[in-house]
Amino acid sequence: MKRFYFQLLLLVVCPFPGTGQSLWEVRVAPFSMGVANDYAPFLFQDGVIFSSDRIDNIFNQYRTMSGERTSNLYFVKKKDSVHFGRPRKLLFQINTFVNEGPVSYDATHHVLYFTRNLLLDKKNKKQPNYTGIFYIDYNNGNWGTVHPFVYNNPAYNVGHPAVSPDGKMLFFASDMPGGYGRSDLYVCYRQGNGWSKPKNLGKNVNSAASDLYPFFHPSRRLYFASDRTGFLGKLDIFFTFFNDGQWILPVHLDAPFNSPADDYAYVVDSSMHAGLFTSTRRGRDNIFMFTSLLPEMKGCNPVEEPVNCFLFYETQSNNTDTIPIKYKWDFGDGTVGYGHTVEHCFDKSGQYLARLSVTDTITGETRESVATYLVEVVESQEPFITAPDTCFTGEEIHLDGLETSIPGFQPEQYFWDLGNGNLAEGAEIKTIYHTPGIFMVRLLVRGMTNTGNRVDKCVYKEITVLNAGQKK
């Protein structure tokens with residue numbers, strides 16, 4: 001495996017142990033089932049750009065000094081959710097006889113960024129051929145001219161570009177001097193037509209190991225791979241957020257994304273329900289596809305608080321503090337209450353006739369049913385989410401659907417979309433939000449009706465997440 005910037009990975013259909021694994025289907029991408037090393041996929045327009053050392057011409061092969069085949073960039077068009085066309089090399093301005101690796105596309109400014117070895121005419125074979133970032137304009141099918149990134153340097157590696165969706169930030173990996181580990185993640189900010197000087201993402205993100213393959217998602221998550229110690233295996237996939245002036249400590253993805261093998265170069269679509277990544281879990285670098293198995297959540301209704309509690313009060317008397325009267329409420333469900341104003345909650349749905357009786361405590365005279373109220377308690381026809389309205393970043397919160405009680409419906413499965421790209425299954429779950437904002441939590445309950453039909457019922461609830469620094 002090409003260890004630093006031209007590493008090739010391979011993915012497989014789960015099962016793998018880990019939280020939430022049943023919510024994902026993972027399979028080897030159909031264009032990555034050969035004997036070549038395929039890695040670093042990137043979702044591009046109606047297909048995928050990826051790097052591969054596959055052989056296109058047996059008479060025209062290039063190899064590194066260590067004997068490995070060099071990698072070129074390919075594009076494969078997507079036919080539908082699982083089928084692809086035939087991979088084809090990108091144009092000759094991009095692909096050369098050296099390595100071309102991970103890419104990123106700035107759709108705002110119509111620029112494709114990619115990784116390549118710096119020296120195309122390498123006469124001194126003992127001189128290291130480090131990598132750099134290059135870019136080329138691409139607009140409406142027309143390619144421009146390749147240009148080098150301003151911060152490339154022949155003394156160290158710069159590569160793995162990842163542009164933010166608005167084109168204002170360019171993340172990359174480098175082993176330039178002054179970092180925290182073997183390779184760190186950096187960011188440059190757009191300044192007019194150029195870029196600011198690289199800024200290290202800091203010790204919250206970077207480790208003493210290699211931190212590589214960044215991908216910046218529209219949700220503001222920065223995914224990357226790292227071989228830091230204390231996790232499942234070699235390279236593992238993590239994500240972080242920039243929150244309250246700093247990057248949060250990286251969050252490790254569960255199986256089936258991470259395994260004891262190398263797992264890296266993770267990309268996911270805007271819905272966060274489908275994407276690709278690279279892994280060596282089958283002994284070779286291949287690209288894997290993943291798809292959420294979460295049932296489709298459309299037409300969800302807002303959660304409604306059950307209306308089974310009512311306030312009863314006597315409306316005719318204004319002198320309850322001076323008149324010696326005793327108030328007795330018969331709620332019609334076998335219970336009674338006392339007082340001028342009483343709150344009562346009914347346990348079951350139905351119609352109840354509540355009656356008020358008053359007693360003069362001096363004479364002992366009682367007047368029955370001086371007031372009557374017909375109360376109708378209707379059971380909800382939708383699931384119910386029990387969750388806080390507000391929480392803080394980094395705080396573990398509890399959510400459940402246990403109060404779902406629908407006449408003629410027996411819940412069997414509970415599926416959650418937490419609004420931040422995380423999915424879960426179960427009647428009770430726990431989660432942590434890492435960034436502030438308003439998140440729409442959706443719960444889909446699948447169950448059986450009295451008539452033997454399996455149906456899905458979906459509701460949503462908004463949770464406001466505040467910065468932990470706002471705690472009093």
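The values are calculated or read from the model by the stated rules, or taken from the named source; none is laboratory data. Computed from a predicted structure; not experimentally measured. All Cβ positions, glycine included, derive from the backbone under ideal geometry; neighbour counts span all protein chains shown.
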State yes or no: is A209 more than 28 Å from E296 (Cβ to Cβ), touching a residue at least 24 places away in the same chain (Cβ under 8 Å), of a type in the set (G, A, S) and in the same structural domain as Q45 (by TED's automatic domain parsing)? yes
Do we have T449 as more than 30 Å from T315 (Cβ to Cβ), in contact with an Asp or Glu (Cβ under 9 Å, 6 or more places away or on another chain) and among the β-branched types (V, I, T) here? no
Within the stretch 38-58, is there a residue that is under 31 Å from the mean Cα position of the chain (by Cα), under 27 Å from N258 (Cβ atoms) and at pLDDT below 85? no
What residue, among those in the stretch 129-144 that are hydrophobic (A, V, I, L, M, F, W, C) and surrounded by fewer than 20 Cβ atoms within 10 Å (Cβ to Cβ), is farthest from V111 (Cα to Cα)? W143
Which number in (1) under 23 Å from P306 (Cα atoms); (2) at pLDDT 90 or above; (3) surrounded by fewer than 12 Cβ atoms within 10 Å (Cβ to Cβ); (4) not charged (D, E, K, R) marks the one condition that Y373 misses? (3)
Within the stretch 225-258, considering residues that are assigned to a strand (DSSP E or B) and among the aliphatic types (A, V, I, L, M), the one modelled with the lowest pLDDT: V251
Filter the stretch 79-115 for residues that are of a type in the set (G, A, S) and surrounded by fewer than 21 Cβ atoms within 10 Å (Cβ to Cβ); the one that is nearest to the chain's Cα centre (by Cα) is S81
Considering the stretch 424-440, residues that are part of a strand (DSSP E or B) and aliphatic (A, V, I, L, M), and then whichever is surrounded by the fewest Cβ atoms within 10 Å (Cβ to Cβ), we arrive at I438
Pick from the stretch 182-206 the residues that are part of a loop (DSSP other than H, G, I, E, B) and in contact (Cβ under 8 Å) with a residue 40 or more places away in the chain: which of them is farthest from N129 (Cα to Cα)? N204
Scanning the stretch 441-471 for residues that are closer than 19 Å to L293 by Cα and hydrophobic (A, V, I, L, M, F, W, C), the one surrounded by the fewest Cβ atoms within 10 Å (Cβ to Cβ) turns out to be V455
For a quick check of your reading: which strands (runs of 3 or more DSSP E) sit entirely within the stretch 278-386 and have at least 1 residues that are under 30 Å from A29 (Cα atoms) and not charged (D, E, K, R)? 286-292
Among the residues of the stretch 259-277, the number that are within 15 Å of L212 (Cα to Cα) and either at pLDDT below 95 or not in a strand (DSSP E or B) (or both) is 1
Checking the conditions here, which among F149, F215 is of a type outside the set (D, E), under 27 Å from S271 (Cα atoms) and modelled with pLDDT of 95 or more? F215
Checked W143, W195 against criteria (at pLDDT below 95, at negative phi and not basic (K, R)); the one match is W143
Picking from L293, L222, which residue would you name as being closer than 25 Å to S164 by Cβ and of a type in the set (A, V, I, L, M)? L222
Please state which one of G394, G421 is in contact with a helix residue (DSSP H, G or I) (Cβ under 8 Å, 6 or more places away or on another chain) and either surrounded by 13 or more Cβ atoms within 10 Å (Cβ to Cβ) or in a loop (DSSP other than H, G, I, E, B) (or both). G394
Within the stretch 199-217, restricting attention to residues that are hydroxyl-bearing (S, T, Y) and either out of contact with any Asp or Glu (no Cβ under 8 Å at 6 or more places or on another chain) or closer than 25 Å to G421 by Cα (or both), which residue is surrounded by the fewest Cβ atoms within 10 Å (Cβ to Cβ)? S207
Residue ID - modelled with the lowest pLDDT, chosen from residues in the stretch 406-418 that are surrounded by 14 or more Cβ atoms within 10 Å (Cβ to Cβ) and more than 30 Å from N243 (Cβ to Cβ): I406
